[in-house]
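A.B. asks: Supplied in structure tokens, the structure appears directly below.
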Amino acid sequence: MIQKMTINTIKKSKNTTPLVMITAYDALFANLFQESADIILIGDSLNMSFAGHNDTLSATLEQMIYHTNAVCKGAPQTFTVCDMPFGTYTCKTTALRNAVRVFQETPADSVKIEGGSDKADIIKHLVDNGIAVCGHIGLLPQSVRSEGGYLVKGKDKASQAQLLQDAKAVEAAGAFCMVIEGVKADVATHIARTVTIPVIGIGAGNGVDGQVLVFSDMLGLFEAFTPKFVKHYLQGATHIKEALAQYRAEVISRDFPDATHTY
Ligand code: KIV
């Protein structure tokens, strides 16, 4: 079992061993992941992979609280990050009220907020009031409708300068780490080398301070499409379908339950 991390050990991990972050939405999977994950993210991606929506925007705070409690039950010794869903941190007052709800209604260790320079004052306000914040810069899934798609960032000089400014602003605001998503690898590497807090990448190459993947992508459970940055460590969908097909066949043939599975 990995020793439970804190915001201090996460910060100290900079320039040592890369951090391993994975999403989880329930106790069952969180319990399985705790042996190998430094950090579990209760991502609002649950709105897509768990609830079947096209994007993350309709996830609610109540849902995030429910799933965070489930994850913390399954992996009580793992550092957790609860995503603040879309619309719950539109200003300092709203953000603090909602982040306090996460801290009072769950054992989450921190919250995650999407945005850079534009969210720095909100991050600072939460940190000043005792909330540990993980930033999230680059491709921001909660901006998919306003930006017209999931757009890789850092392709031109202006975007690169904006990313660097965002990373510095998130760091200066007091975040203990940040996720960087969908960013050209050389740009993400430069950012990770510039700021002093860990930068955890997804679709941002291997020059950063850790990696995060959505667990259903990583386990090959999601078949519709596979983004370039996703590696399947298991052909989960294939295995599950084969198991279900075998169960179906054995129920129909009355081979299940056999004597060993009967009272
Ligand atoms: O919601 C989520 O799972 C995330 C990851 C993509 C980093 O924010």
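The values are calculated or read from the model by the stated rules, or taken from the named source; none is laboratory data. Just so it is clear, the structure is predicted and the values come from calculations on it, not from any experiment. As a convention, Cβ positions derive from the backbone with ideal geometry for all residues, glycine included, and neighbour counts pool all protein chains shown. Ligands, DNA and RNA are stripped out before the accessible areas are found, and what is left, the full protein with its side chains, is counted by its heavy atoms. Shrake-Rupley method; radii C 1.70, N 1.55, O 1.52, S 1.80 Å.
A.B. asks: Select from region 165-179 the residues that are crowded, with 24+ Cβ neighbours inside 10 Å and on the phi > 0 side of the Ramachandran plot and list them in ascending order.
C.D. replies: none
A.B. asks: Right, here's the next one. Counting just the residues of region 97-123 that are charged (D, E, K, R) and under 20 Å from residue 143 (Cα atoms), which one comes out nearest to the chain's Cα centre (by Cα)?
C.D. replies: 112
A.B. asks: Would you confirm whether or not region 37-49 contains a residue that is within 16 Å of the ligand (Cβ to nearest atom), on the phi < 0 side of the Ramachandran plot, without any contact (Cβ under 8 Å) to a residue 12 or more places away in the chain and not basic (Lys, Arg)?
C.D. replies: Looking for residues that are within 16 Å of the ligand (Cβ to nearest atom), on the phi < 0 side of the Ramachandran plot, without any contact (Cβ under 8 Å) to a residue 12 or more places away in the chain and not basic (Lys, Arg), one finds at least one in region 37-49, hence yes.
A.B. asks: Checking the conditions here, which among 96, 151, 139, 126 is touching an Asp or Glu at 6+ places or on another chain (Cβ under 6 Å) and either within 15 Å of the ligand (Cβ to nearest atom) or more than 27 Å from residue 227 (Cα to Cα) (or both)?
C.D. replies: Among 96, 151, 139, 126, only 139 is touching an Asp or Glu at 6+ places or on another chain (Cβ under 6 Å) and either within 15 Å of the ligand (Cβ to nearest atom) or more than 27 Å from residue 227 (Cα to Cα) (or both).
A.B. asks: Is it true that some residue in region 66-73 is polar (S, T, N, Q) and assigned to a helix (DSSP H, G or I)?
C.D. replies: Within region 66-73 (the criterion being polar (S, T, N, Q) and assigned to a helix (DSSP H, G or I)), the answer is yes, since at least one residue qualifies.
A.B. asks: Name every residue in region 228-248 that is in contact with an Asp or Glu (Cβ under 8 Å, 6 or more places away or on another chain) and farther than 21 Å from residue 81 by Cβ, in order of residue number.
C.D. replies: Across region 228-248, the qualifying residues are 232, 237.
A.B. asks: Still on this structure, I have one more. So how many residues does region 164-176 have that are in a helix (DSSP H, G or I) and away from the ligand (no atom under 16 Å from the Cβ)?
C.D. replies: 7
A.B. asks: How many residues are open to solvent by less than 40 Å² (accessible area, probe 1.4 Å) and either more than 23 Å from residue 6 (Cβ to Cβ) or within 12 Å of the ligand (Cβ to nearest atom) (or both) if we restrict to region 180-198?
C.D. replies: The qualifying residues number 8.
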